[in-house]
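The values are calculated or read from the model by the stated rules, or taken from the named source; none is laboratory data. Owing to the predicted nature of the structure, the values given are computational and were not obtained by experimental measurement. Every residue, glycine as well, gets a Cβ built from its backbone with ideal geometry; the counts of neighbours run over all protein chains shown.
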Amino acid sequence: MNVSNRVAFVAGGTGGLGRAVCLEFLQAGARVVVTYRRMSEYESLVAEAGGAQSRLSGANVDVTDEAAVSQLVQNIVAEQSRLDILVNTVGGYAGGRSLWETDAKTYDQMMNLNFKAGYVLARAVIPAMMRQSRGWIVNVASKAAFGRSPGAALYSASKAASLMLFDSLAEEVKSYAININTIVPSIFDTLANRQAMSSADFAKWPKPAEIARVVRFLCSEDASVIRGAAIPVYGRT
């Protein structure tokens, strides 16, 4: 599971899962660039990185903005001379209403966060990885992508679209030795999920750090034969 000295771009790197992925990569010796939307969250991540913070940098970027993401990727390659890994942990959830009660604003929100962000990120990093003839991309979908999600049809559809996007992309780039896979969580242990489901048994929920180790594995040579997979990380949920 060696990722030492690799350059990893973690989109949404200050969120519940993204934070754990960043810390996992930093602990393993990688250089990490994150996107964030709140400076306070990035500052907290820097503090938690401790002695590894010299290998961490961040940018306040809207990852649905194609021009901004393209410029960020160009900057990463110019400063680091390469870009080895993309992990897309950007996403959002809206639910609790039937489809006919859900407005177009929610549709736009779900498609932007859960689908368009992945499209923009992949389109920006793939050319750099093609030039290297090597790269790793891990996308984060959801168990809801497989359907049967009453009250969350738009969330489910957006995650299914994301899953199929990266599955097809894995085939398009296989001749360039770019490994693309998706992890598929159900519920995992974050403060937001605990607050939303306060009566649940949190002990059964996977921890972000446990899922982050799966991501690290998928970005290592040990996982070189895994491509185009949708890997469940449900734990006991």
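When restricted to residues that are over 22 Å from ALA8 (Cα atoms) and not β-branched (Val, Ile, Thr), region 185-237 contains 23.
Applying the condition of being out of contact with any Phe, Trp or Tyr (no Cβ under 8 Å at 6 or more places or on another chain) and not in a helix (DSSP H, G or I) to region 21-34 and asking which residue is surrounded by the fewest Cβ atoms within 10 Å (Cβ to Cβ) yields GLY29.
Among what's in region 189-206 and is without any contact (Cβ under 8 Å) to a residue 24 or more places away in the chain and not polar (S, T, N, Q), pick the residue that is surrounded by the most Cβ atoms within 10 Å (Cβ to Cβ). My answer is ASP189. For first residues located in region 218-229 and polar (S, T, N, Q), partners that are modelled with pLDDT under 95 and lie 6+ apart or on another chain with Cβ distances below 6 Å form the pairs SER220/MET1; SER220/ASN2. Once region 116-147 is narrowed to residues that are over 18 Å from the mean Cα position of the chain (by Cα), in contact (Cβ under 8 Å) with a residue 24 or more places away in the chain and not in a helix (DSSP H, G or I), the residue that is surrounded by the fewest Cβ atoms within 10 Å (Cβ to Cβ) is SER133. When TRP136 is tested against the conditions (1) touching an Asp or Glu at 6+ places or on another chain (Cβ under 7 Å); (2) closer than 23 Å to LEU99 by Cα; (3) not hydroxyl-bearing (Ser, Thr, Tyr), the lone failure is (2). Exactly one residue out of SER57, SER81, SER40, SER70 is over 23 Å from THR190 (Cα atoms) and loosely packed, with under 14 Cβ neighbours inside 10 Å, and it is SER81. Of the residues making up region 74-116, those that are hydrophobic (A, V, I, L, M, F, W, C) and touching a strand residue (DSSP E or B) at 6+ places or on another chain (Cβ under 7 Å) are ILE76, LEU83, ILE85, LEU86, VAL87, VAL90.
Residues that are hydroxyl-bearing (Ser, Thr, Tyr), touching a residue at least 40 places away in the same chain (Cβ under 8 Å) and crowded, with 21+ Cβ neighbours inside 10 Å do occur in region 149-161, at least one of them. Checked against (1) buried (at least 16 other Cβ atoms within 10 Å of the Cβ); (2) among the aromatic types (Phe, Trp, Tyr); (3) assigned to a helix (DSSP H, G or I), TRP100 meets all criteria but (1).
Scanning region 179-237 for residues that are part of a helix (DSSP H, G or I), touching a helix residue (DSSP H, G or I) at 6+ places or on another chain (Cβ under 7 Å) and under 17 Å from GLU24 (Cα atoms) yields a total of 9. Taken over region 76-97, the criterion of being more than 25 Å from ALA212 (Cβ to Cβ) and at pLDDT 95 or above is satisfied by ALA78, SER81.
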